[in-house]
Amino acid sequence: GPVQPPDVSMCILATDSQAGDEPVNCCPPNYSTTNIIDFQLPSSYEPLNQRKPANKLSPREIERYKAAIAKMKQLDPKDPWNFMQQATIHCTFCNGAFFQVNYPDKLLQVHGNWLFLPWHRYYLYFWERILGKIIDDPTLAIPYWNWDTADGMFIPNVYLDDKSSLYNDNRNHDHYKALMDFNYSNEPTPTPNPKPDEYDKVIKSNYDKVEKLFTKDQLAKASLFMGQPIVAGEENKTLTENAGAMEILHNLAHEWVGPVAKPNHDMGNFYTAARDTLFFAHHANVDRMWDIYSKKRGNKVEFNQPDFLEASFLFYDENRQLVRCKVSDSLSAEKLGYTYAPEVSPWEGISR
Ligand code: C2O
């Protein structure tokens with residue numbers, strides 16, 4: 001059967017595999033197990049909120065976003081809307097803070113399988129709704145990091161201003177003005193930054209990697225892009241073995257943004273990754289890639305089976321209400337009330 005939402009009263013210590021499996025507490029203090037309701041798609045979703053590239057926001061949009069996040073950071077630390085509480089949600093579903101209901105020895109894991117894209121779509125969706133609520137502006141749309149274009153292969157400037165609520169110092173500072181190379185690795189030693197005369201070559205090779213997500217072969221089978229099935233009672237052996245190509249490529253930016261030294265906090269470690277606001281911009285582009293993918297697949301329902309469509313998660317919504325969200329309601333960005341600003345895809349057809 002489909003993976004079920006956790007029993008949130010049974011939160012346990014999670015583990016940080018990048019720090020020798022050290023236990024970490026990411027249990028939210030305020031979980032109430034009563035009164036969980038089923039998520040409903042918004043009944044009307046016009047006009048759609050438009051997510052734009054972070055390096056193309058207007059000054060007004062930048063100020064609005066910064067103000068919303070500043071307020072989120074100032075909320076009571078135990079408020080489920082608080083920035084750190086929101087970041088902790090990622091830890092719970094990633095570092096093993098919950099066993100699966102009815103399978104007391106199998107941890108819940110939304111990475112490395114077909115739950116990756118739907119879970120993160122919901123995670124960003126509620127984060128966006130909550131930010132909008134905090135500043136009383138339901139039109140707020142989160143920006144995305146357009147690393148699939150040449151201009152976007154740098155950390156967007158708005159994330160580098162250390163006076164701003166978007167700033168996080170726990171990053172690899174060598175990469176602040178560097179072109180991201182999609183072949184980058186911290187191991188065994190960090191790949192050096194490309195020099196300006198190598199930019200064209202690196203950009204081209206990055207485009208190739210993005211384009212490869214959408215080749216005919218890739219498009220033939222949903223699991224190649226989205227990840228392999230997982231059903232209730234199964235546990236991921238590793239986070240990469242059954243991951244889809246989208247998730248594998250996305251891991252790179254985590255590694256590249258986070259510091260080289262273990263445990264690579266923040267972006268380079270799952271349990272802390274969402275403490276960096278750049279996480280949400282990065283994942284918004286991943287979500288946008290999924291949106292592009294769905295359109296290329298004619299918006300067909302992927303894995304048309306209850307094991308996928310009925311799999312469900314729990315999130316706090318913009319009314320501080322715990323809601324049970326099914327994968328089936330996550331398949332269309334538009335039905336959730338947002339869309340991506342039309343952008344050129346310079347990688348499209350690059351190898352032809
Ligand atoms: Cu939940 Cu970018 O990982």
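Counting Lys +1, Arg +1, Asp -1, Glu -1, what net charge surrounds LEU115 among other residues with beta carbon under 13 Å of its beta carbon?
Working: positive: ARG121, LYS326; negative: GLU234, GLU235, GLU247, GLU302, ASP307, GLU310.
After counting each charged neighbour, the total is -4.
How large is Rg over Rh for region 224-270, taking Rg from the Cα atoms and Rh as the Kirkwood inverse mean of 1/r across Cα pairs? Mind dumping the intermediate values first?
Numbers: Rg = 12.7 Å, Rh = 11.9 Å.
For region 224-270, the value is 1.07.
Please give every one of the lysines within straight-line cross-link reach of LYS66, meaning a C-alpha to C-alpha distance under 17 Å, and leave out same-chain neighbours fewer than 8 residues apart.
LYS52, LYS56, LYS133, LYS163
Could you bin all the Cα-Cα distances of region 31-106 into 10 Å bins starting at 0 and give me the percent of pairs in each, rounded to whole numbers?
Spelled out bin by bin, region 31-106 gives 13, 25, 39, 18, 5, 0 percent.
Distance between the C-alpha centers of region 125-141 and region 273-318? Whole Å please.
What the calculation gives is 18 Å, centre to centre.
Specify, per residue and in Å³, the volume enclosed by the convex hull of the alpha carbon atoms belonging to region 65-169. Each step should come with its number before you reach the end.
Details: hull volume 15.2 nm³, N = 105.
Normalising the Cα hull of region 65-169 by residue number yields 144 Å³.
Of the trypsin sites (Lys or Arg not before Pro) in region 194-231, which ones lie in a loop per DSSP and count no more than 16 other C-beta atoms within 10 Å?
On the way: sites: LYS201, LYS204, LYS209, LYS212, LYS216, LYS221; in loops: LYS221.
Listed in order of number, the matching sites are LYS221.
Points 7 angstrom from Cα along the Cβ direction at SER58 and ASP200: gap in nanometres?
Computed distance between label sites SER58 and ASP200 equals 3.7 nm.
Amide H neighbours of ALA178 under 5 Å, at least 5 residues apart or on other chains, H built in the peptide plane: list them.
HN-HN under 5 Å from ALA178: ILE155.
Region 186-262 to region 31-88: how many Å between their Cα centroids?
27
Write out the GluC sites (Glu not before Pro) in region 188-271 meeting two conditions: DSSP loop, and at most 13 other Cβ atoms within 10 Å of their Cβ.
Values: sites: GLU198, GLU211, GLU234, GLU235, GLU241, GLU247, GLU255; in loops: GLU234, GLU235, GLU241.
Answer by residue number: GLU241.
Which ordering of VAL260, VAL8, VAL3 is given by a fewest-first count of other beta-carbon atoms within 10 Å? Before the final figure, lay out the partial values.
On the way: VAL260 14, VAL8 18, VAL3 29.
Listed from fewest to most nearby Cβ atoms, that is VAL260, VAL8, VAL3.
Kirkwood hydrodynamic radius for region 260-352: how many Å is it when counted over pairs of different Cα atoms? Provide the component values of the computation, followed by the final result.
Values: mean 1/r = 0.0619 Å⁻¹.
With all distinct Cα pairs of region 260-352 included, I get 16.1 Å.
Find the percent of Cα-Cα distances in the chain that exceed 28 Å, and round it to a whole number. Working shown, then result.
Values: 24795 of 61776 pairs.
Value for the chain (Cα pairs over 28 Å): 40 percent.
Please report, to one decimal in angstroms, the Kirkwood hydrodynamic radius of region 163-272 built from all distinct Cα-Cα pairs. The partial results should precede the final answer.
On the way: mean 1/r = 0.0628 Å⁻¹.
It works out to 15.9 Å.
Calculate how many DSSP beta bridges within the chain are antiparallel, expressed in % of all such bridges and rounded to the nearest 5. If you can, show how the numbers build up before the last one.
Numbers: 10 of 16 bridges.
Here the antiparallel bridges make up roughly 60 percent for the chain.
So which aspartates and glutamates pass the test for LYS106, namely a Cα distance under 14 Å, with those fewer than 8 places away in the same chain ruled out?
Correct list for LYS106: ASP7, GLU234, GLU235.
Need the list of lysines near LYS335 for cross-linking: C-alpha distance under 17 angstrom, and skip anything on the same chain fewer than eight residues off.
Result set, ordered by chain and number: LYS295, LYS300, LYS326.
Throughout, read-outs are computed from the coordinates displayed, never taken from laboratory work. Fair warning: this is a prediction, and the values are worked out from it, not measured in the lab. Every residue, glycine among them, receives a Cβ derived from its backbone with ideal geometry; neighbour counts consider all protein chains shown.
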